[in-house]
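What follows is a short report on a single structure.
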Amino acid sequence: MNKINRMRRSFFILFIVSCMTVVGQNPIISNQFTADPTARVFEGKVYLYPSHDIPSPIDRLKEWFCMEDYHVFSSEDLVNWQDHGVIVSQENVPWVAPESYSMWAPDCVYYNGKYYFYFPSAPGGEQRRGFAIGVATSDKPYGPFTPEANPMEGVTGIDPCVLIDDDGQAYIYWSGRGMSVAKLKKNLLEIEDEPQQIEGLPEGFKEGPFVFKRNGIYYYTFPWVRDKTEVLAYATGDNPKGPFTFQGVIMDESPVECWTNHHSIMEYNGQWYLFYHHNDYSPSFDKNRSARIDSIFFNPDGTIQKVIPTLRGVGITSATAKPVQFDRYSAISSSGVAIDFVNNDNLFEGWKLIFNEKNSWARYNRVDFGNGNAKKAKIRVFSKAGGNVSLSSILPDSKTIAMFNVSEKNDWQEISVTLNNKLEGIHDLQLTLLSEGELQVDWISFE
């Protein structure tokens, strides 16, 4: 390992040790980039297997995707995520080209007591070109995973996805020179038949297949360049190999022209969710992306309702566990509210709300106050001119619960006040600027 890699690895290990639990709305992981999120339910938890974008340490990939390893994350509530650390790295896969930084979108499935992690990368050797797909196995969903010595034979491409059908037959899907599918043998390490192309998809660039089954319908979902950037689209069929009938778009193009989107869809505790990515923490470079979640809904005929991306995301936020980030709002007033990064030198510190119009407001829903033990509210706020902010509960009832009088100060300040009312259970909250001038809010906490 060269000196740059050793230094970066040492920093990386120290960083992960200090950030084993990450908390977020959208994006859901706030200590590193997490693209191409595949979510699976194992052992009653949601496990997330994303790729891991990093700033490139080599000139060749300065303006392209750069990925050297895979982490796995787990959650029981889709709000608090535990980082289990690196499970596979380009450094411990025998067939991967050293320093290729090409560990792209992965998948993981459980079969007959073992977890199978599928991943693409660039193989080593002068005669090897393009991408191959490898497999690593483990007895636990979080590893340790042991990679096979060689990539899969007959599978050339990227973005593997594995579907295990109701009868136990497994299928692998991938992209590269079209969209392909093949049966897997019982060992889940080899294909059983010749790959075939997926039929019934629209013209244009496609990648990242994710296939699932619901109510007897096979859903073949994929990123598709409909115009300049990718949408998430889908087709349906009655056979895992197709042909499929194109149905439409699940999610439209990024409003800020993030070129890629990549996703997975799964059910957890009776609700279906769409996991996808966006360049939230890297607005000026869309090759560093972050995982998001939003709920997804089906019509009675099985078609999918279009998903509108949100900042709030999913799940219930505990009032007392961590500060509530109102910049991940559920709704804002039509004018007078903006969002910016707290620290432009470290975007992972997140965002702040900027109120600049009297009576402008922001709402954050589904905050759980439990048995009503919270007595105080604290706000982190910045205002050179000072001002006044009210905090209200708007559901299940409407009442003002705190008033913050902000003094003039050319720096951030934290103001703590006693709550006007006892809050129990789940509430939707609203912050409202009651004064003229600009006022910035980082977070609100309760104790």
In the range 369-415, what residues are buried (at least 18 other Cβ atoms within 10 Å of the Cβ) and in a loop (DSSP other than H, G, I, E, B)? F369, A374
Reported set for the range 68-81 where residues are part of a strand (DSSP E or B) and within 19 Å of V324 (Cα to Cα) is S75, N80, W81
Here the qualifying pairs (Cβ atoms under 6 Å; residues six or more apart or on different chains; first in the range 222-233 and within 19 Å of S264 (Cβ to Cβ); second assigned to a loop (DSSP other than H, G, I, E, B) and polar (S, T, N, Q)) come out as P223/N261; E230/T260; E230/N261; L232/N261
Whether any residue in the range 382-403 is modelled with pLDDT of 95 or more, touching a Lys or Arg at 6+ places or on another chain (Cβ under 7 Å) and more than 15 Å from T432 (Cα to Cα) is what I want to check. no
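For the range 143-171, give me each residue that is part of a strand (DSSP E or B) and farther than 18 Å from K206 by Cβ.
T146, P147, V162, I164, A170
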Considering only residues that are in contact (Cβ under 8 Å) with a residue 60 or more places away in the chain, surrounded by fewer than 17 Cβ atoms within 10 Å (Cβ to Cβ) and closer than 30 Å to Y273 by Cα, which ones fall in the range 52-81? P55, W64, D77
Can you confirm whether the range 107-119 contains a residue that is in the same structural domain as D165 (by TED's automatic domain parsing), at pLDDT 95 or above, over 24 Å from E43 (Cα atoms) and within 22 Å of the chain's Cα centre (by Cα)? no
Quick check: anything in the range 86-103 within 28 Å of Q325 (Cβ to Cβ) and either of a type in the set (F, W, Y) or modelled with pLDDT under 95 (or both)? no
Yes or no: the range 219-228 includes at least one residue that is in contact with a strand residue (DSSP E or B) (Cβ under 7 Å, 6 or more places away or on another chain), surrounded by fewer than 20 Cβ atoms within 10 Å (Cβ to Cβ), within 25 Å of V307 (Cβ to Cβ) and not acidic (D, E). no
Residues within the range 82-100 that are buried (at least 24 other Cβ atoms within 10 Å of the Cβ) and in contact with a helix residue (DSSP H, G or I) (Cβ under 9 Å, 6 or more places away or on another chain), tallied: 0
Restricting to the range 420-441, count the residues that are closer than 21 Å to T317 by Cα and either under 30 Å from the mean Cα position of the chain (by Cα) or crowded, with 17+ Cβ neighbours inside 10 Å (or both). 10
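Considering only the range 252-281, state which residues are in a strand (DSSP E or B) and of a type in the set (F, W, Y).
First, pick out the residues of the range 252-281 that are in a strand (DSSP E or B): 264-268, 271-278.
Within the range 252-281, Y268, W272, Y273, F275, Y276 qualify.
The values are calculated or read from the model by the stated rules, or taken from the named source; none is laboratory data. Computed from a predicted structure; not experimentally measured. Cβ coordinates were reconstructed from backbone atoms using ideal geometry, including for glycine residues, and neighbour counts include every protein chain displayed.
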